[in-house]
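Engineer: The structure's right below; bear with me while I get my questions together.
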Amino acid sequence: MAYIGRGLVQGTYIKLDDLQGSFNGTTSTFNLTSGGQSFKPGSASALLVSLGGVIQEPIESYTVVDDQITFSNPPTSDSNIFLIALGSAVSIGTPADNTIDATKLRDPFGTYTGTGGFTLTGIVSATEFRGSGKYLTELSAGKFISDSIGITTNTPAGINTSTLDDPDLVGLGNSFKGIYVSNGMLIHDNELTGAHYIGTNFRGLMAGPVTIGGTLTVDGNYVVV
């Protein structure tokens with residue numbers, strides 16, 4: 001009767017070199033070779049091993065590491081053996097430098113977690129950044145230092161910065177409990193907290209009444225209207 005079904009595919013089966021000449025009842029580990037050349041099957045399950053006429057169970061009766069097989073019991077000199085490799089280990093190479101472009105990356109790319117340097121050039125777009133951001137450098141608007149409504153940086157970038165390059169103007173960012181822009185108006189809370197200094201060439205203006213809850217040093221002008 002003719003065979004009915006899917007076509008048969010021949011595997012890459014390799015009969016390895018005989019090991020019986022090395023058996024002495026003491027040695028358990030032997031080198032695997034094919035045609036005298038080192039052979040790495042990849043795993044114990046990739047070998048069919050018959051020892052003394054008995055098929056051996058992978059892992060339980062023998063293990064394989066690289067090009068060596070180790071038996072759980074040292075074979076004696078009268079133990080005949082044959083080994084069939086049921087395939088060849090596939091080596092996955094490393095792509096050469098500058099050979100992978102964005103079209104080869106999975107979309108979405110996923111999350112990168114690790115240590116060390118990760119350098120990107122050009123325009124970097126992201127829906128969100130996480131972490132302290134303390135290692136972000138060479139940003140024209142400063143480094144991200146905290147979550148806020150808008151952007152908070154540790155170099156001058158406008159409202160809500162924590163340090164200033166000008167020593168005559170100190171305290172921007174924690175001058176008020178809150179400062180807002182709404183419908184064309186600048187709105188702030190009615191209490192000034194923290195330590196502040198207004199230099200000679202600067203003016204401070206607040207809508208009163210205002211409670212001074214911190215320290216305010218004025219060498220310029222401070223007006224409450």
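Each value in this text was obtained by applying a stated rule to the coordinates, not by laboratory testing. Keep in mind it's a predicted model, so treat the numbers as computed, not measured. When we count neighbours, we look across all protein chains shown, and the Cβ atoms used for this are built from the backbone with ideal geometry, even at glycine.
Engineer: What residues from segment 54-78 fall in the zone where the backbone N is under 19 Å from a label point 7 Å along the Cα-to-C-beta line of residue 86?
Structural biologist: Counting backbone N atoms under 19 Å from the label point, the list is 54-72.
Engineer: Order by neighbour count: 210, 49, 224, fewest other Cβ atoms within 10 Å first, most last.
Structural biologist: In increasing order of surrounding Cβ atoms, one gets 224, 210, 49.
Engineer: Spin-label point model (7 Å from Cα, Cβ direction): what's the residue 45 to residue 201 distance in nm?
Structural biologist: It is 7.6 nm.
Engineer: Using amide H atoms built 1.01 Å from N in the peptide plane, name the residues 5+ places from residue 196, or on other chains, whose amide H lies under 5 Å from its own.
Structural biologist: Amide H to amide H, under 5 Å and 5 or more residues apart or across chains, residue 196 pairs with 215, 216, 217.
Engineer: What spacing in nm lies between the two simple spin-label points modelled at residue 99 and residue 13, each 7 Å away from Cα in the Cβ direction?
Structural biologist: With each label placed 7 Å out from Cα toward Cβ, I get 3.5 nm.
Engineer: Assign unit charges at the C-beta atoms only (+1 for Lys and Arg, -1 for Asp and Glu), then state the dipole size of segment 14-85 relative to its Cα centre in Debye, rounded to the nearest 20.
Structural biologist: Using only the charged Cβ atoms, the result is roughly 100 debye.
Engineer: Sticking with this structure for a sec: May I ask for the percentage of alpha-carbon pairs in segment 14-85 that lie more than 21 Å from each other?
Structural biologist: 11
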